[in-house]
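Right, one structure below, let's go through it.
No lab work stands behind these numbers, since they all come straight from the coordinates. These figures come from a predicted structure and were not determined experimentally. Every residue, glycine among them, receives a Cβ derived from its backbone with ideal geometry; neighbour counts consider all protein chains shown.
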Amino acid sequence: MVIGNPPYIRQEEIKHLKPQLQKAFSIYKGTSDIYTYFYEQGYKILSPNGTLSFITSNKWCRAAYGEPLRKFLLENTTINTYLDLNGIKVFESATVDTSILEFYKTKANDNHTLNYANPKDYNPKDEKPLLPQYSKIPQNTLSEESFIFSDSKLAALKAKIESIGTPLKDWDINIYRGILTGYNEAFIIDSTKREEILKACKDENERARTEELIKPILRGRDIKRYSYEWAGLWIINTHNGYKDEQNNKIPPIDINEYPTLKAYFDKVANSAKQGKGKGFYDRDDKGITPYNLRNCAYLPEFAKPKIVYSEIVREPQFYLDNGEFKFGYFYAEATSFILSGNESFKSSLEYLLGLLHSKLCTFAFKEFYAGGGLGESGYRYKKAFLEKLPIPKIAKKQEKEFVELVKEIVQTKQIGGATLVAHNEQTKILESKLDSMVYKLYGLDNEEIAIIGGGAT
């Protein structure tokens, strides 16, 4: 028998070990954290039919780096128990969500069922024994793509949702991360600093050109449900060059043509405190010069209609940026993502906005695609996860009904001024109506709706 709590060391900290790990382990993946290799090593030292039981991070069940491990387990072991401790603070000194896996060193029979439990209400501080209520899950319902531990009703619901919807990766859309500036302290400024820079320009020509480079920006924390709360921040878009939508090559910004910006950057560089990282001039993640942003080939996507969303959330937070803000389209910072249509996109972003906020899609994403939770109630809209979410492609006439309702929700939230009003009675009524329409779109019955927690319609 092998029992253990393997170390949790991120893959970035074991770069020096990767050549040896690649040679030694069949489950090697360049992005795997070190604990995954202990599963294979534990298997190797077990006697036939021996038992292994590990408590580790639960990320291997759905993360891309866990695919070789999942394949290995399915092909070589009989999984006896999987105890998901997501949201339970097992270790005081660690924030990682954990799970306990127990398997036997023998290939599973086709009809084998494993024991699964997710005791969400358990609190280790109560100092009471953990007595989970286990469900039986057929091992052959797990796949190397992801381990989703669902009872028969949940599995049937997942299959139904996937039969109706089309994964977002197969839509004509692009999903991109917000801009990694390489040096936020210099490239992201507040409104006071923006005005100071513009006033220092020597003439109107320089001021106009400089103003054109400074764009309003949203961070993940600024994005709300159907809305945003702008913090008055701007990004200095001294880009590194890119190709526009017509495939024309746009040259990098030459800072010498913007003397006031250059003086600002030099002042920041000279006054910055040198910490662990490198300074403004000598940082590794700069563009062709220290004054240029690091490469971002998809810059044109920010200056067009798009959905901007927070990556790490407790509830869906998507905002449709149609360029209605007084300073034009928002750019997005690295803690947020954008979703935009490509040249073949014929659907409506409002339709996607509504579906992404719906109870059904939120439940499906968290339950089936989100790669596990974060803490007690958080989860992550990682691109690789969101692309798996099945959204139905529907006729324009039917889509129009959703678009009109979503526009009404957005307008209702705008009542009361620039700070959008959330969760008032009218928006609750409208969002409840949207949920009912989404349930019908996927053909759910009252029992399936109850699983989601939506109640009967």
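Placing unit charges on C-beta atoms (Lys and Arg positive, Asp and Glu negative, everything else neutral), compute the dipole magnitude of the stretch 1-153 about its Cα centre in debye, rounded to 20.
The calculation lands at about 280 debye.
Which of 262/286; 136/440; 107/136; 169/440 have a Cα-Cα distance over 20 Å?
Those over the limit are 136/440; 169/440.
Fewest to most neighbouring Cβ within 10 Å: what's the order for 112, 357?
Lowest to highest Cβ neighbour count: 112, 357.
Indicate the gyration tensor shape class of the stretch 2-149 (rounded, prolate or oblate), computed on the Cα atoms with a ≥ b ≥ c the square roots of the eigenvalues: a/c under 1.5 is rounded; otherwise a/b larger than b/c is prolate and the rest oblate.
Cα axes put the stretch 2-149 in the oblate bin.
As an exercise, take the mean of 1/r over every pair of distinct alpha carbons in the stretch 173-338, invert it, and state the Kirkwood radius in angstroms.
16.6
Which of the trypsin sites (Lys or Arg not before Pro) found in the stretch 124-227 are loop residues per DSSP with 10 or fewer other Cβ atoms within 10 Å of their Cβ?
When the trypsin sites (Lys or Arg not before Pro) of the stretch 124-227 are filtered for loop state and at most 10 Cβ neighbours within 10 Å, 202 remain.
Students often get this wrong, so check it: of 158/306; 215/304; 29/388, which have C-alpha atoms separated by over 25 Å?
158/306
Output the antiparallel fraction of DSSP beta bridges having both residues in the stretch 173-338, as a percent to the nearest 5.
85
Nearest 5 is fine: what % of DSSP beta bridges in the stretch 2-149 come out antiparallel, could you say?
Taking every DSSP beta bridge with both residues in the stretch 2-149, the antiparallel ones total about 75 percent.
Give the cross-link partners of residue 59 among the aspartates and glutamates, using a straight C-alpha distance below 12 Å as the criterion and excluding same-chain residues fewer than 8 apart.
The reachable aspartates and glutamates, counting only those whose Cα sits under 12 Å from residue 59, are 33, 67, 84, 97.
By how many degrees, 0 to 90 and rounded to 10, does the Cα axis of helix 191-200 deviate from the longest principal axis of the chain?
On a 0 to 90 degree scale, this one is about 30.
Please give me, ordered by residue number, the GluC sites (Glu not before Pro) of the stretch 212-290 that lie in loop per DSSP and have at most 11 other Cβ atoms within 10 Å.
For GluC sites (Glu not before Pro) across the stretch 212-290 that sit outside H, G, I, E and B with at most 11 neighbouring Cβ atoms in 10 Å, the list reads 245.
Would you mind checking the tilt of helix 152-164 against the longest principal axis of the Cα atoms of the chain, expressed as 0 to 90 degrees and rounded to 10?
The answer is roughly 40 degrees.
Taking 37 °C and 0.692 mPa s as the conditions, I'd like the Stokes-Einstein D for the stretch 281-373 in µm²/s, using the Kirkwood hydrodynamic radius from alpha carbon pairs.
Estimated diffusion coefficient is 212 µm²/s.
Using a ≥ b ≥ c from the Cα gyration tensor of the stretch 50-103 (square roots of the eigenvalues), is it rounded, prolate or oblate, where a/c under 1.5 gives rounded and otherwise the larger of a/b and b/c decides, a/b for prolate?
Oblate, since a/c reaches 1.5 and b/c is not below a/b.
If you average the sequence gap of Cα pairs under 8 Å that are 6 or more apart and divide by the length of the chain, what percent do you get for the contact order?
This gives 15 percent for the chain.
Using a Cα-Cα cut-off of under 16 Å, which aspartates and glutamates could be cross-linked to residue 224, ignoring same-chain neighbours fewer than 8 residues away?
Filter leaves 311, 315, 321, 333, 350, 431.
Counting other Cβ atoms within 10 Å, which GluC sites (Glu not before Pro) in the stretch 58-112 have at most 12 and lie in a DSSP loop?
Passing sites in the stretch 58-112 are 92.
Calculate how steeply helix 204-213 sits against the longest principal axis of the alpha-carbon atoms of the chain, using the helix alpha-carbon long axis, and give the answer as 0 to 90 degrees to the nearest 10.
10
Can you give the helix-only mean residue ellipticity at 222 nm for the chain, where every DSSP H stretch with n ≥ 4 adds -39500 (n - 2.57) and the sum goes over all residues, rounded to the nearest 500 deg cm²/dmol?
-9000 deg cm²/dmol
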